[in-house]
Amino acid sequence: MLKKRIIPKLLIKCEQIGLKKRPIVVTSKNFSSYRHVGDPISQAKIFQDQLADELLVINIDNKIISENQIIIETIKELSSKIFMPISIGGGIRKLSDFNDLLKIGADKIIINSLAIENPNFISQAAKNFGSQCVVVSVDFIKKDGKDLVYDNAKKKITNLEVIEWIKKISELGCGEIILCDIDRDGTGVGLNINLCKKASQIVNIPIIISGGCGLAEHFSEAFKKGLAEGVSAGTFFSYRDQNLLQTRHQVLNSGVQLRTIK
């Protein structure tokens, strides 16, 4: 059995600070209402020191990643200073983006809108780079009683139902799925355990759950009741000293096996 993972998430955007544009880490609530946290390199180092299993880095600038030199340079610096696996997402538009990001230190590439626009891209990417590199982020909102996939690039709710979409992208060859409940994002009210469990039971690839972490017990619930392989959080890890270490100890004490950090 794979051991479970605790995965901090860095949302990065570029903002004008003085005379220069610089990358900053932000947190979000319901995919909006952004709050500044700090410098991405400093935050990543803290997470590494606190024994994070891996790191998600999401570019939320309104610019495709291949044209965003500030984000590219930030990823290069991260990969040279951080020695845990890094997954990169946001603004991925073509196969060459996979190649370029893997070359500068990414371990996995996360796609969202591109998968919605062209599902066969998942198979193409898996064939070229291996399914272990291809992660699909499934962001969703409840509407009219249904959990529907949200397209981040177009900022709109699709008519794709989450469970059916998860089945499809799994069959197309992605190696991992990140589920994020936008209604819970940044609220601390708890993760969507029920949907996570449904997803975990219908596919044979890891499900990472995100959106709503507010207590250490939310992580344990996701692992034990939601059958998640990993839990990713941004806001939860951004405003408390030594939070990740404390969370890790509490999850271990609940009987969940986490990866051994060497």
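The values are calculated or read from the model by the stated rules, or taken from the named source; none is laboratory data. This one's a predicted model, so the numbers in the text were calculated from it and none came from an experiment. Cβ: placed from backbone, ideal geometry, glycine included. Neighbour counts: every protein chain shown. Just so you know, the surface numbers come from the protein's heavy atoms only, side chains and all, with ligands and any DNA or RNA stripped out. Shrake-Rupley method; radii C 1.70, N 1.55, O 1.52, S 1.80 Å.
Data table
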| quantity | calculated |
| --- | --- |
| Index of the failed condition, Pro206 passing every other in (1) in contact with a Lys or Arg (Cβ under 8 Å, 6 or more places away or on another chain); (2) farther than 19 Å from Asp147 by Cβ; (3) open to solvent by 20 Å² or more (accessible area, probe 1.4 Å) | (1) |
| Hits in the stretch 209-228 (condition: part of a loop (DSSP other than H, G, I, E, B), at pLDDT 95 or above and surrounded by fewer than 21 Cβ atoms within 10 Å (Cβ to Cβ)) | Lys225, Leu227 |
| Subset of the stretch 191-203 (residues that are surrounded by fewer than 24 Cβ atoms within 10 Å (Cβ to Cβ) and assigned to a loop (DSSP other than H, G, I, E, B)) | Val203 |
| Those residues of the stretch 23-39 which are under 18 Å from Ser79 (Cα atoms) and either assigned to a loop (DSSP other than H, G, I, E, B) or at pLDDT 95 or above (or both), in sequence order | Asp39 |
| Residue ID - modelled with the lowest pLDDT, chosen from residues in the stretch 137-190 that are part of a loop (DSSP other than H, G, I, E, B), touching a helix residue (DSSP H, G or I) at 6+ places or on another chain (Cβ under 7 Å) and among the hydrophobic types (A, V, I, L, M, F, W, C) | Ala153 |
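Quick grid of which residues meet (1) open to solvent by less than 30 Å² (accessible area, probe 1.4 Å); (2) farther than 30 Å from Leu245 by Cα; (3) free of Cβ contacts under 8 Å to residues at least 24 places away in the same chain:
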site: Glu54; (1), (2), (3): yes, no, no
site: Asn59; (1), (2), (3): yes, no, no
site: Lys94; (1), (2), (3): no, yes, no
site: Lys103; (1), (2), (3): no, yes, yes
site: Asn120; (1), (2), (3): no, yes, no
site: Asn128; (1), (2), (3): no, yes, no
site: Val135; (1), (2), (3): yes, no, no
